[in-house]
Amino acid sequence: MKIAFIGLGDIGQPMASHLAREPFELVVWNRTASKAEEFARNHKAKVSATPAEAVRDAAVVITCLPSSAEVEAVLHGENGILDAMRKGSVLIDCTSGDPPTSRSIAAELGGRGVEFIDAPVSGGTSAAKAGTLTVMWGGESTVFERVRPVIEAFGKKIVHAGPVGSGDALKAVNNALLAVHILSAAEGLAILVKAGVDPKVALEVINSSSGRSNSSENLIPQRVLTRAFPRTFRLALLEKDIAIAAVMAEDLHAKTPVISLTAERFHEAREKLGESADHVEAVKIVEEENGVELK
Ligand code: NDP
C-alpha cells in the first residue's frame, strides 16, 4: 500500500517511522526538504520534491501539520495535493485541526471521489515513538476500515468520535483541559512557594490527593522542577488548540469562562515566549508574575 506522509515535525516524524516498513511503501514530503532527506537516510522511505508528486499514486495520504490552515495551504497551494490525489484514495488528517475546516475539506475532496477522515492524536512524542498513540477520528466507518492498518501502525487506543470534525473537536477540548491543568497547577504551587512550602513536598501530597493531574504528576516534576523544559510540543500549538475549543464554545453558545480565560492566558504566553517555546514553559508567566521559581 503506497502511503504519502506530509509533515515531518516533532510528532509527524516518529509517526511516519512506523509506516516505513512492509506492507507499506512510504513517500514523504516536508516543507524543509533537509528533514525529509534525513528521514529517508534513516528509514525505508522515498522523498518527493513536491506535495503533488508525493500523493500522485498514493492510496492513503497523511497530513500532520500545525493547523488546518496549513492543511488548506498544502491542498490548494503551489504543487498542492488537491488536483494530484487519486480518485478512491483517502486523506487522513492527523493535524489537531478545527472542525469547520475539516468539514469543508471533506466536502471538497468528496466532490472529487477522495475520502477524508480527521484523526488527531494524543500521547505526545514518546507515544509516537513507541507507536502507542491514542487516535480520535471523525468520519465514516467504511472509510476507516479501509485505512485501519495504517492507523494501527502508530495508534494503540483508536476511538471513533463521530462524523468528520469530531476528532478535531475532541482533541481541542482535551488540550484545553491540558492547558487549564498546567496553569492551575503552576498557580497552586506559586501560592504554596510564597507560603514557604517546598514545591516537591507540595507535589508529594497533591499527587496522592484529589488535586493531581498529568501536569502535577509528570510535566511539572520532570520538566519544571528540573528546569529542563524539553521541547516536545510547542506552546504555539497548544494555544491554537485551546483557541479552537474557545471558538467552538462560542459557536455552540456554551458558557465556559475557565476555558476562555485560559485561552487568553495562553495567547499572552505565546506572545511572550515565542513560537518555539514548549507548552510547559507557560508556567513561566505564572512564575514571573509571582516572583517565584518552581524548583
Ligand atoms: P511541528 O511544529 O513540530 O511540525 C510542523 C510540521 O508542519 C513540520 O513538518 C513543518 O515543516 C510543517 N509545516 C508548517 N507550516 C507548513 C506550511 N505552511 N506548509 C507545509 N508544511 C508546513 O508540529 P508537531 O509535529 O508537533 O505537530 C503537528 C500536529 O500534531 C499539530 O497539529 C499538533 O497540534 C499535533 N500534535 C502534536 C503533539 C506533540 O507532542 N508534538 C501531540 C499531539 C498532537 P518544517 O519542517 O518546514 O517546519
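The values are calculated or read from the model by the stated rules, or taken from the named source; none is laboratory data. None of these values were measured; they are calculated from a predicted model. As a convention, Cβ positions derive from the backbone with ideal geometry for all residues, glycine included, and neighbour counts pool all protein chains shown. Calculation scope for accessible area: heavy atoms of the full protein, side chains included, ligands and nucleic acids excluded. Shrake-Rupley method; radii C 1.70, N 1.55, O 1.52, S 1.80 Å.
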Item to complete: For segment 1-59, report the accessible area per residue in Å² (1.4 Å probe, heavy atoms, rounded to an integer).
Response: 48
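Carbon and sulfur atoms: what percent of the 1.4 Å accessible area of segment 252-295 do they account for?
Details: 1380 of 2570 Å².
The value for segment 252-295 is 54 percent carbon and sulfur by accessible area.
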Item to complete: Over segment 47-191, with every protein chain in place, what whole percent of the accessible area is carbon and sulfur at 1.4 Å, could you tell me?
Response: 53
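From the square roots a ≥ b ≥ c of the eigenvalues of the alpha-carbon gyration tensor of segment 119-167, which class results: rounded (a/c under 1.5), prolate (a/b over b/c), or oblate? Show your work: numbers first, answer last.
Working: a/c = 3.14, a/b = 1.58, b/c = 1.99.
Cα axes put segment 119-167 in the oblate bin.
Tell me whether segment 1-67 comes out rounded, prolate or oblate; compute the Cα gyration tensor, take square roots of the eigenvalues as a ≥ b ≥ c, and use a/c under 1.5 as the rounded threshold.
Working: a/c = 1.30, a/b = 1.13, b/c = 1.15.
Rounded is the answer for segment 1-67, as its axis ratio a/c remains below 1.5.
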Worksheet, complete the sentence: Rounded to the nearest 500, the 222 nm mean residue ellipticity computed for the chain from DSSP H runs (n ≥ 4, each -39500 (n - 2.57)) alone is -15000 deg cm²/dmol
Practice prompt. Leaving out ligands and nucleic acids, note down the accessible area per residue over segment 236-295 with a 1.4 angstrom probe, in whole Å².
Written response: 52
Practice prompt. Can you tell me the FRET efficiency between His76 and Glu187 if r is taken as the Cβ-Cβ distance and R0 is 45 Å, rounded to the nearest 0.05?
Written response: 0.60
Worksheet item: How large is the accessible surface per residue of segment 106-188, computed with a 1.4 Å probe and reported in Å² as a whole number?
Response: 39
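Students often get this wrong, so check it: of Lys255/Lys284; Lys44/Lys129; Lys35/Lys157; Lys129/Lys157, which have C-alpha atoms separated by over 18 Å?
Details: Lys255/Lys284 28 Å; Lys44/Lys129 16 Å; Lys35/Lys157 28 Å; Lys129/Lys157 15 Å.
Violating the 18 Å Cα-Cα cut-off are Lys255/Lys284; Lys35/Lys157.
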Response to the item:
Site Lys46, offset 7 angstrom along Cα→Cβ, radius 16 Å on amide nitrogen, limited to segment 69-108, gives 85-86
